Every structure is written in structure tokens, then in C-alpha cells.
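**Q** Handing you a structure now.
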Amino acid sequence: MTIDETLKSRHLKFGWYCLLGFLTLGALLETLHGFKVGYYLDANNETRRLMWRLGHAHGTLLALVNLAFGACVPSFQMKNQSRLRLASACLVISALLLPVGFLLGGINARGGDPGLLVLLVPVGAVLLFVGVLSAARSVR
């Protein structure tokens, strides 16, 4: 399997499963809302609700970014494989760190402040930037 086939397969598979996971999370959040679960809806849990919605939204969006990367693999210049491998790794890791940072930061949210694991979010954001820049520089 060539690098372009490997990257395409990896990102399409990861993107679809990631999309399935984060859409399922969205359905779970809607269920918590529908059943008026206090842990999610109480006024003193507004930060938790915001963080979990951000996790769901970012996860869904980054799943779509990975699907787009996989679909665009034929448009990339394959002569600089290290740049494509960097873009691939950064996009996959950021698609995990960003939403998981929001989700975990929401678990222990207290008084308007998210939990400490929200620090995964800026790390994921930097990796996303590097991944998108590397991909953009690889387009023919």
C-alpha cells in the first residue's frame, strides 16, 4: 500500500468512526436535556453544559476535517511525504485532544471554571494549526 492509499484509508476510517462517536455523544446530550438531568441542566452546571457542547461540536467538526483530508489525499504532492505524515498525525491527534479536553474539563467544572484537563484544548489547537498548515502547503 502506498503512502497516499494509507493516508486516505486512515483518515476516512478515522473520520467516519469519529463522526459516529461524536454524533452519538450529541444524542446523549440531547437525552440528558430531554430527561432534565440536573447534573447537566442545573443552573450551577452551566459551565459543564457549555464544555460538553463544545466537545461535541469540535469533535464533529474535526471528524469532518479528517474526512476532507482523506478525500483530498490525491491532490497532495507526494514528493514531500514527511510533511504529509506530520499533517496526518497532527489532524488525528488534534481531533482527539480538542474535544476530549472540553469533555474532561466539563466533568469537574466548579463555579464557572472548567476542570484542569481543559489544558488539552490549546495543545490540540496548536496541533490542528500545524496539521492544516502542513496540508495546505502540500496541495499541488
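**Q** On a 0 to 90 degree scale, rounded to 10, what angle separates helix 120-138 from the longest Cα axis of the chain?
**A** 20 degrees
**Q** How would you order 26-37, 5-16, 46-57 from highest to lowest mean count of nearby Cβ atoms within 10 Å?
**A** For the peptides 26-37, 5-16, 46-57, the packing ranking is 46-57, 5-16, 26-37.
**Q** If you fit an axis through the alpha-carbon atoms of helix 3-34 and take the longest principal axis of the Cα set of the chain, what angle between them do you get, 0 to 90°, nearest 10?
**A** 10 degrees
**Q** For helix 81-107, report the angle its Cα long axis makes with the longest principal axis of the Cα atoms of the chain; keep it between 0 and 90° and round to the nearest 10°.
**A** Taking the Cα atoms of the chain, the angle to 81-107 is about 0 degrees.
**Q** Counting alpha carbon pairs within less than 8 Å and at least 6 residues apart, what relative contact order, in whole percent, applies to the chain?
**A** Over the chain, the number comes to 29 percent.
**Q** Hey, of (1) 1.08; (2) 1.01; (3) 0.95, which did the structure itself give for Rg/Rh (Cα atoms, Kirkwood Rh) when calculated?
**A** Here the calculated entry is (1).
**Q** Let me ask you something else. How big is the gap, in Å, between the Cα center of the stretch 40-54 and the Cα center of the stretch 66-135?
**A** If you average the Cα positions of each part, the centres end up 23 Å apart.
**Q** Now for a different question. Going by amide H atoms built from the backbone, whose H comes under 5 Å of the H on ASN108, apart from near neighbours?
**A** Amide H neighbours of ASN108: GLY115.
**Q** Please enumerate, by chain and number, the aspartates and glutamates with C-alpha under 13 Å from the C-alpha of LYS79, excluding those fewer than 8 residues away in the same chain.
**A** In chain and number order, the partners are ASP4.
**Q** Shifting gears a bit: Just want the ordering: ASP113, ASP4, from fewest to most Cβ atoms lying within 10 Å of their own Cβ.
**A** Ascending Cβ contact count within 10 Å gives the list ASP113, ASP4.
**Q** Also, I was wondering about something else. Counting helices only, and only those DSSP H runs with n ≥ 4, report the 222 nm mean residue ellipticity of the chain as the sum of -39,500 (n - 2.57) divided by its residues, in deg cm²/dmol to the nearest 500.
**A** -27000 deg cm²/dmol
**Q** Work out how much length GLN77 to ASP42 would gain on full extension: take 0.36 nm times their residue separation and subtract the Cα-Cα distance, in nm to one decimal.
**A** Going from the current span to full extension adds 7.5 nm.
Each reported figure results from applying straightforward, stated rules to the coordinates on display, with no laboratory input. Just so you know, these numbers come straight off a predicted model, no measurement behind them. Note that each Cβ is placed from the backbone with ideal geometry, even for glycine, and that neighbours are counted across all protein chains shown.
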